[in-house]
Structure formats: C-alpha cells, structure tokens
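Notes follow once the structure below has been shown.
The values are calculated or read from the model by the stated rules, or taken from the named source; none is laboratory data. Predicted model, so just to flag it, every value in this text is computed and none were measured. Counting neighbours? That spans all protein chains shown, and the Cβs are built from the backbone with ideal geometry, glycine included. These area figures cover heavy atoms from the full protein model, side chains too; ligands, DNA and RNA do not enter into them. Shrake-Rupley method; radii C 1.70, N 1.55, O 1.52, S 1.80 Å.
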Amino acid sequence: MVCTWGGVRDMLRILVLHGPNLNLLGNREESIYGAATLAMIDGSLNKLSLELGVELVIRQSNLEGELVSWVQEARNGYHGIIINPAAYTHTSVAIRDALAAVNLPTVEVHLSNIYRREEFRHHSYISGVALAQICGFGPCGYLLALRGLCEQLAGYRAKHIPGIPSAPPGTDTDAH
Ligand code: CA2
C-alpha cells in the first residue's frame, strides 16, 4: 500500500502512546506478551512510517497524568493517535475523557487478546471513544493500526479538506 502526501507540510502526524509497564516488554511475561522489546516495536513502526510517508512521535509513560497530558497536546498538530493504554485500559476514565476531548481518530492496541484473559481485562474504557480496537496480534497489531489509521485519514482528507489531495496525482493508493 502506498499512502504518501504532497510534501512535509501536508504530512500526516500520528502520536503513538504506550502505557505503564510496556517498557518491560521482552524481559518478563514472554509467554503472554512475546519476546519483542518496546524498542523493537518502535523500530518496526518507524520503518513502516517511512514507507507510508507519515510522521510518528512515540512515547511511553507509567503515569496516567502524563498520558492524559500527551493526549491533550495531540490537539496541536496531530491527525491521529495509536494508544496501548495497558492497565489503564481497564481503569482510566481520565484517559478516555482526554481522548473524547481531543476527538482525533484513535486506534486502541493490545498485544494480547484481552477477551481471552481475566474477566477484569474484558472491559475497556477506551474502546467507546476509539475508531477501532486491535488485540491479540502481538507487535503486528501496532503495524495494522498504523496502516488502518493511515487509510482512514486519507479518506477523511479527500472528503473534508478540498485542495489537499489524499495522494499525489497519479499515485495509486490502492496498490498493495
Ligand atoms: O495486551 C496488552 O497489550 C495489554 O494492554 C498489556 C497490559 C495489560 O494490563 C492489558 O490488560 C493488556 C500490561 C502491560 C504490561 O506489560 C508487561 C510486559 C512485561 C512484563 C510485565 C508487564
């Protein structure tokens, strides 16, 4: 899939947020979350972002308030959000409210299939304000989220921002 835009000025900017304890990936709980480290996941996201021609900013925090502040800041200059809120998925009205307030297309990602795990993980405060939720695909879920968000935003641009082509003329965005 090719999904690039006219120039740097028009480039899509996407914020990727990782929640608490995801900095430990690859060191513990490998049977649930796999062997990939967060640095490896971020590396593969950055590689895909180059292919797609989108700009990514990636952050991780163990603090709920910090995640809330970053979501709020996304109002300035970002077009979409990919977030794995980790344990805050199941507890945080504050992160949900921040996402609702900024009202940017958001994809919620989980490495594990939260619906096959303990009952308390079956409820997400985030899914009700998200465009989509991806869970159970491991690190690949982040890449699917980026591709999906990119496709959605291309469609949004074509419909709502006249004069800014969703892709440079002559580019086949459907080519896979
Ligand atoms: O499956 C996911 O991505 C989760 O968001 C991961 C969270 C969990 O609370 C959610 O229910 C589902 C936990 C992230 C903690 O990651 C660790 C990694 C290595 C060692 C310990 C924790």
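One table, with the values for the structure above:
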| item | result |
| --- | --- |
| Estimated FRET transfer efficiency when R0 is 22 angstrom, pair A100-V57 (beta carbons, to 0.05) | 0.60 |
| Debye, to nearest 20: dipole size of segment 15-149, +1 on Lys, Arg Cβ, -1 on Asp, Glu Cβ | 180 debye |
| Rounded, prolate or oblate (a/c below 1.5 giving rounded, otherwise prolate when a/b exceeds b/c) for segment 66-120 by Cα gyration tensor | prolate |
| Gain on full stretching of the segment that runs from R117 to H90 - 0.36 nm per residue minus C-alpha separation | 8.5 nm |
| Packing rank of 61-69, 98-106, where each peptide gets the mean count of other beta carbons within 10 Å, highest leading | 98-106, 61-69 |
| Charge dipole of segment 61-123 about the Cα centre (unit charges at C-beta), most positive-ward option of S112, S69, V102 | S112 |
| Accessible area per residue in Å² at 1.4 Å probe, computed on segment 2-123 | 49 Å² |
| Carbon and sulfur %, accessible surface of segment 14-153 computed with the full protein complex present, 1.4 Å | 50 percent |
| Projected-area average for segment 1-123 over all orientations - Cα convex hull basis, square nanometres | 8.2 nm² |
| Packing-based order for 14-24, 40-50, using average beta carbon neighbours within 10 Å, highest first | 14-24, 40-50 |
